[in-house]
1. Please verify whether residue 184 is open to solvent by 20 Å² or more (accessible area, probe 1.4 Å) and either closer than 30 Å to residue 70 by Cβ or among the basic types (Lys, Arg) (or both), treating the condition exactly as stated.
2. So which residues in the range 105-114 are open to solvent by 60 Å² or more (accessible area, probe 1.4 Å) and either over 20 Å from residue 202 (Cα atoms) or not in a loop (DSSP other than H, G, I, E, B) (or both)?
3. Can you name the residue in the range 255-264 that is out of contact with any Cys (no Cβ under 8 Å at 6 or more places or on another chain) and part of a strand (DSSP E or B) and, of all such residues, is nearest to residue 194 (Cα to Cα)?
4. Six or more apart or on different chains, Cβ atoms under 7 Å: show the pairs whose first residue is in the range 226-254 and assigned to a loop (DSSP other than H, G, I, E, B) and acidic (Asp, Glu) and whose second is at pLDDT 95 or above and surrounded by 16 or more Cβ atoms within 10 Å (Cβ to Cβ).
5. Considering each residue of the range 131-145, count those that are surrounded by fewer than 24 Cβ atoms within 10 Å (Cβ to Cβ) and either closer than 15 Å to residue 198 by Cα or not hydroxyl-bearing (Ser, Thr, Tyr) (or both), and give that number.
6. Out of (1) of a type outside the set (Lys, Arg); (2) over 30 Å from residue 127 (Cα atoms); (3) at pLDDT 95 or above; (4) surrounded by fewer than 20 Cβ atoms within 10 Å (Cβ to Cβ), the odd one out for residue 261 is which?
7. So, residue 62, is that one at pLDDT below 75 and either closer than 30 Å to residue 148 by Cβ or among the acidic types (Asp, Glu) (or both) or not?
8. Have a look at 127, 164, 176 and point out the one that is at pLDDT 95 or above and surrounded by 17 or more Cβ atoms within 10 Å (Cβ to Cβ).
Amino acid sequence: MDGIIYPTIVMGGLGVIFGCMLAFASQKFHVEVDQRQTDIRALLPGANCGGCGFPGCDGYAEACVSGAAKPNKCVAASPEVSASIAEILGVSAEAAEPMVAFVKCRGSFDKTVKDCVYQGAHDCREAAVVPGRGPSSCAYGCMGFGTCEKVCAFGAIKIVDGLAVVDRERCVGCGACAEECPRGVIALIPRKSKIQVACGNPLKGPFVKKVCSVGCIGCTLCVKACPKEAIEMKGSLAVIDPAKCVNCGLCAQKCPVKAITDARPPRPAPAQKPAGEATAEAAQVQ
């Protein structure tokens, strides 16, 4: 019996001693947290996406109080939240330009040439370093293995027919998908930009046509069609300057391969007048 009681007493005593030591250490080395940091953390959405450039919401709240971050850097927060953070810090709130993720590729399964039946790693980061690098012949397009989908905390990106597709309504512009994309196919663009070249292949037209039916072929028709000179050729690839683009869509209409995407909402069809009114108007014209 003594073989059970004495060890129990010893272990219990050690537990009390270590507990007292921990309690003393917590009091001795306690660091006061600025109440502003706590208040700011309570306002943040808690996505911990890292879009602000700091390690999670706790890191961002601490950076705001220390002055290392501005109150408008949380991409997942609304303008009202940014204004509240600025009020807590006693500074003026600045409006940050909303950003959105954009996939510089339209090469889905039916639009690209496949080199093989791929049976390797189904992760873009892993596939990018193995021989073959996926089934597609285009070395500049979306690999379609969904690494971007896995890292998105907002469910704003999905793989459809082997191509990453961004839901602009859900995307907050945190940049997690762009950071993880091993080919740099995903970029952050201003949310106001509706017209973009969805291709990153810098090769000349004939080489692009061999691997993708919707890749930019460098024909320069978009450059000639733009009334604001917002498009320039970088080698054989057309690039749109968001600062100059007015989203007129003329370049997208002129593009012969449809490599330029148009994210503008569809315009409502003009209302048709009743047949009787139309006939009466025609008679008046005559």
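The values are calculated or read from the model by the stated rules, or taken from the named source; none is laboratory data. For clarity, every value in this text was computed on a predicted model and none was experimentally measured. Note that each Cβ is placed from the backbone with ideal geometry, even for glycine, and that neighbours are counted across all protein chains shown. Each accessible area value is taken on the protein alone, full model and side chains, heavy atoms only, with ligands, DNA and RNA left out. Shrake-Rupley method; radii C 1.70, N 1.55, O 1.52, S 1.80 Å.
1. yes
2. Across the range 105-114, the qualifying residues are 109, 110, 114.
3. Looking at residues that are out of contact with any Cys (no Cβ under 8 Å at 6 or more places or on another chain) and part of a strand (DSSP E or B), I get 262.
4. Pairs found: 241/230.
5. Number satisfying all stated conditions: 7.
6. Of (1) of a type outside the set (Lys, Arg); (2) over 30 Å from residue 127 (Cα atoms); (3) at pLDDT 95 or above; (4) surrounded by fewer than 20 Cβ atoms within 10 Å (Cβ to Cβ), only one is false for residue 261: (2).
7. So residue 62 fails the test.
8. Within the list 127, 164, 176, the selection yields 164.
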